[in-house]
Protein chains: 4
Amino acid sequence: MNKPLSLIPDVQSSIDTRRLTINKVGIKALKHPLQVLNREGKAQSTVAICNMSVELAHHQKGTHMSRFIELLNADEQMLSMEAFKQLLSAMVQRLEAQRGYIEFTFPYFIRKQAPVSGVASYLDYEITLLGEINEGIPAVVLKTVIPVTSLCPCSKKISAYGAHNQRSHVTVSVRPSGPIWIEDLIELVEQQASSELFGLLKRSDEKLVTERAYENPKFVEDMVRDVAAQLNHHPHIAAYCVEAENFESIHNHSAYAIIEKDKLSPCGSVISS
Amino acid sequence: MNKPLSLIPDVQSSIDTRRLTINKVGIKALKHPLQVLNREGKAQSTVAICNMSVELAHHQKGTHMSRFIELLNADEQMLSMEAFKQLLSAMVQRLEAQRGYIEFTFPYFIRKQAPVSGVASYLDYEITLLGEINEGIPAVVLKTVIPVTSLCPCSKKISAYGAHNQRSHVTVSVRPSGPIWIEDLIELVEQQASSELFGLLKRSDEKLVTERAYENPKFVEDMVRDVAAQLNHHPHIAAYCVEAENFESIHNHSAYAIIEKDKLSPCGSVISS
Amino acid sequence: MNKPLSLIPDVQSSIDTRRLTINKVGIKALKHPLQVLNREGKAQSTVAICNMSVELAHHQKGTHMSRFIELLNADEQMLSMEAFKQLLSAMVQRLEAQRGYIEFTFPYFIRKQAPVSGVASYLDYEITLLGEINEGIPAVVLKTVIPVTSLCPCSKKISAYGAHNQRSHVTVSVRPSGPIWIEDLIELVEQQASSELFGLLKRSDEKLVTERAYENPKFVEDMVRDVAAQLNHHPHIAAYCVEAENFESIHNHSAYAIIEKDKLSPCGSVISS
Amino acid sequence: MNKPLSLIPDVQSSIDTRRLTINKVGIKALKHPLQVLNREGKAQSTVAICNMSVELAHHQKGTHMSRFIELLNADEQMLSMEAFKQLLSAMVQRLEAQRGYIEFTFPYFIRKQAPVSGVASYLDYEITLLGEINEGIPAVVLKTVIPVTSLCPCSKKISAYGAHNQRSHVTVSVRPSGPIWIEDLIELVEQQASSELFGLLKRSDEKLVTERAYENPKFVEDMVRDVAAQLNHHPHIAAYCVEAENFESIHNHSAYAIIEKDKLSPCGSVISS
């Protein structure tokens, strides 16, 4: 049982003759605790779902899965854009690969104050960092799912009173060309919604968000256009994808819209220029 | 490889000496195609998630898992209350058990007409049949998840215009004491909601459901009370549980309420009196 | 309430001035009953999750969501590759759009015979049809999730006895250039696995699949390469993507690999060349 | 918009005349950051899904949902059994209720050392704390989902070589009568599995866990019995429920077993005696 490791056969390291490069091979759906740096420079503790993979050359039988886990468990992870790029770099070195990919998805909290009473509470967002490294050049996409209220312009217009509204998810994925924080994206989106959400609302706050939503009706089409217009003007965003999904309160299905744009390349997608 | 079955050891049938009865043992999360009999006497095709289990006496090492699958695959399953009870009965016989349990969960469709235009479309509901048999006596619980619109009475009352509303799930579980159809439960619940849902609505219909919801504000507390009042008077219901969950359009969490009642036994739960 | 439709304002049809084309707008996560044509020419009933969307020109305020639902509810849907292309075509006509997209995801059953005893049972697979139409030209991708057994070559090689194995999902997405059936893809993949799965196995069958898996150890790397080699030679496949995910029995995370190839275009992806 | 709160109508506080007590009403599916005290006396940061509810007397129209959120956001939550009971108590006081219920579900990590190489990595478990308070008396149930390896005794016995094995979830819910830590329950269960899991294994470790699983074949029946035997003897456990679910590597469904016992009351369930 205590045979030295060098005497145990290493099947992964043997030669492969099928002449088929593997685009990505690695680990998926691993839960790991993380610290994330926020805009105020403080650390926020969370739990991430992690996917990590590398390209595998055609002549190699297998990758060394345990090295991905070693990298994750080497230090306490304090996640920032810079740290994420360093992890990409360390991964392809450790795995001896040309290309590598990392995805971390985690809940993230912002302490918000209710708009009238000022009472404070957390609101949760789902964040994903997607990274790719190729020949030493890292590229990162920041993806944020922002829950908001949407109120239907058609329903408001045609009805004698009321208007159907519902919770919606606006998902923004951006490839930054300059500094950008999760909080920046969230604020940008929440200003375009019929109303932003809060964990805790007193009656005076509920009155305000109800009336604000009624004053700001938006289709999914409006949401993605209004967010896209903001992202078009943002100097630190090279490419983006914005999606809106309304969990319709009058149907048992969603309304959905998406706009994608790469400012540098008309046919590019968000993840790779 | 073709050794007769009788020559292959049967580990499950050996004697167990730990003196521990197992409450339930069987199969879980099996997908299986089904036909369900609807109120019009027609068959509806669907796909169920199936759990089946039996009690295992303390002296038996294991149950025979393959027999559950054989029962399911023996015939095309045309599901009705009667057929379900017969399946419970057949299962405990085949597995030589005192007690047995079956759960089938499946999507179920009703063809609805929009309230003004009359255009027809399907709306989907999630149904679960839960059965238990003990010493030959079967008991069945019918559970239905009904998506509806809820509109907040507080938001309406305090706001100058508008009112937050959202999709809600009302879940009704009943132990029948007489004939009852899935369609009966759905109609009973939809009449108590701020509004029922539809797959397809034209503008004239959207106007109506928007105004109807505004005229019928309901908290989760109101939904469960109004449904409970109906179930209390229903002559074919011996016990029930009604839950309402609002996917709040102004928060990123749900509001939730539940009322449980066993008409025959003050401390009983829905599944067993 | 019964105002003629023409007198109710049509907000969606108004003019938009933001000059932003929307890539896709439509409905999402709608459940709908379907019939699917299988390789034997018979219909199989199932329930699909449906997404349908179209491109929206910059000058249009909104799409007409109800038309997607009308299309789905117009006829009983008997799904085949041809019918799916016709639905794409009908959708862009009805919605007056240049481009359109449809995704149907549904469980699909194959009646399999156990390898020794011959006992029959259903096994379920998850199928997705993804369609795109652009200026009248439809393109379809068929995606199939095939659950199999994988047995680890390293664990077998280094251990005195036994080898860890687990359930795996092999996901194959293909853009066909000739006739291809769901059943063809399933058989192609199952022949490359450590072993295929069955709903119902008697002891003689369990012996065979246990030994077969031990004789056929495969990493996720081997699975994607062996399936890719088959797809490379298949005359009716223009592009493909094959993924394998092992739900590792010795870890609480997955091992994962993917190979993508477009035979016609080195940089193309599966969905659009 | 800044009307004093006392001038805004309080619909929830009005009188209800339907004479129907609501068993539970409150909030559901709220995400909130937490600190959990571990056995070493250190704090572990995590993110919980929170459900909180109270009984509502028949004469009250509605509960005050915002108070649940206020309680959660009042302090940083450092979760221990004691703190959880205090929160139950504070909740029923704040909500002026007789009975109250709290459920927190969260990922929890243990730093484990691989059995031969000693390399360290995190393994994640899913924990739920369920609390109930009635007339001032709190009761708590600790629920832990422990992922393990299970290896089939039948497959091993009947096969010339190999044995199917897979990831399994063992779920243990206990009502303590004395001090008990999450770590205690996890160790108790892992010692009964075919093998425990690890995040990170080197080849020497993989050899050991493969052989250990082969030496320790267990049906779901064996798992629940062997864990139940341990829990029966544990002096700090008043009632328990143990479930095992094998995600079978030779099927596309699970095998499942459950044993429930209340040591004090033959008909009691885990949550309330």
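The values are calculated or read from the model by the stated rules, or taken from the named source; none is laboratory data. This one's a predicted model, so the numbers in the text were calculated from it and none came from an experiment. Here the Cβ positions follow ideal geometry from the backbone for every residue, glycine too, while neighbour counts run over all protein chains shown.
One table, with the values for the structure above:
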read-out: Within the stretch B:211-237, tally of residues that are crowded, with 21+ Cβ neighbours inside 10 Å and not in a helix (DSSP H, G or I); value: 3
read-out: Filter result (in contact (Cβ under 8 Å) with a residue 40 or more places away in the chain, under 22 Å from the mean Cα position of the chain (by Cα) and facing another protein chain (nearest Cβ under 7 Å)) within the stretch D:211-223; value: D:220
read-out: Selected residue (criterion: surrounded by the most Cβ atoms within 10 Å (Cβ to Cβ)) from residues of the stretch A:240-263 that are within 23 Å of residue B:111 (Cβ to Cβ) and polar (S, T, N, Q); value: A:249
read-out: Criterion (more than 19 Å from the chain's Cα centre (by Cα), of a type outside the set (Gly, Ala, Ser) and at negative phi) met by exactly one of A:175, A:203; value: A:203
read-out: Test set (1) without any contact (Cβ under 8 Å) to a residue 12 or more places away in the chain; (2) within 14 Å of chain B (Cβ to nearest Cβ); (3) in a helix (DSSP H, G or I) - residue A:161 fails condition number; value: (3)
read-out: Qualifying residues in the stretch D:93-106 (those that are crowded, with 21+ Cβ neighbours inside 10 Å and in contact with a Lys or Arg (Cβ under 9 Å, 6 or more places away or on another chain)) - the one nearest to residue D:30 (Cα to Cα); value: D:101
read-out: Selection status of residue B:147, touching a residue at least 40 places away in the same chain (Cβ under 8 Å), in a strand (DSSP E or B) and under 30 Å from residue C:48 (Cβ atoms); value: yes
read-out: Members of the stretch D:15-28 found to be assigned to a loop (DSSP other than H, G, I, E, B), surrounded by fewer than 14 Cβ atoms within 10 Å (Cβ to Cβ) and not basic (Lys, Arg), listed by number; value: D:17
read-out: Residue check, residue A:208 touching a residue at least 24 places away in the same chain (Cβ under 8 Å), within 10 Å of chain B (Cβ to nearest Cβ) and not in a loop (DSSP other than H, G, I, E, B); value: yes
read-out: Residues (surrounded by fewer than 18 Cβ atoms within 10 Å (Cβ to Cβ), over 13 Å from the mean Cα position of the chain (by Cα) and outside any loop (DSSP other than H, G, I, E, B)) located in the stretch D:111-129; value: D:111, D:113, D:120
read-out: Selection status of residue B:15, over 25 Å from residue C:124 (Cβ atoms) and aliphatic (A, V, I, L, M); value: yes
read-out: Of the criteria (1) over 23 Å from residue A:26 (Cα atoms); (2) in contact with a helix residue (DSSP H, G or I) (Cβ under 9 Å, 6 or more places away or on another chain); (3) not hydrophobic (A, V, I, L, M, F, W, C), which one residue D:190 fails; value: (2)
read-out: Candidate set: the stretch D:74-106, residues that are more than 21 Å from the chain's Cα centre (by Cα) and without any contact (Cβ under 8 Å) to a residue 40 or more places away in the chain; chosen: the one nearest to residue D:59 (Cα to Cα); value: D:96
read-out: Options B:76, B:70: the member that is acidic (Asp, Glu), within 14 Å of chain C (Cβ to nearest Cβ), outside any strand (DSSP E or B) and surrounded by fewer than 16 Cβ atoms within 10 Å (Cβ to Cβ); value: B:76
read-out: Whichever residue in the stretch C:168-191 is buried (at least 24 other Cβ atoms within 10 Å of the Cβ) and under 29 Å from residue D:194 (Cβ atoms) and, among such residues, is nearest to the other protein chains (Cβ to nearest Cβ); value: C:168
read-out: Residue check for residue A:138: farther than 30 Å from residue B:148 by Cα, buried (at least 18 other Cβ atoms within 10 Å of the Cβ) and at pLDDT 95 or above; value: yes
read-out: Test: residue in the stretch B:29-47 that is loosely packed, with under 15 Cβ neighbours inside 10 Å, more than 10 Å from chain C (Cβ to nearest Cβ) and in a helix (DSSP H, G or I); value: no
read-out: Whichever residue in the stretch C:79-96 is of a type in the set (D, E, K, R) and part of a helix (DSSP H, G or I) and, among such residues, is farthest from residue B:119 (Cα to Cα); value: C:82
read-out: Hits in the stretch D:139-177 - residues which are charged (D, E, K, R), in contact with a Phe, Trp or Tyr (Cβ under 9 Å, 6 or more places away or on another chain) and within 12 Å of residue D:214 (Cα to Cα); value: D:156
read-out: Residue among A:97, A:114 that is of a type in the set (Gly, Ala, Ser) and farther than 22 Å from residue D:203 by Cα; value: A:114
read-out: Number of the exception - residue A:13 against (1) closer than 28 Å to residue D:32 by Cα; (2) of a type in the set (S, T, N, Q); (3) within 14 Å of chain D (Cβ to nearest Cβ); value: (1)
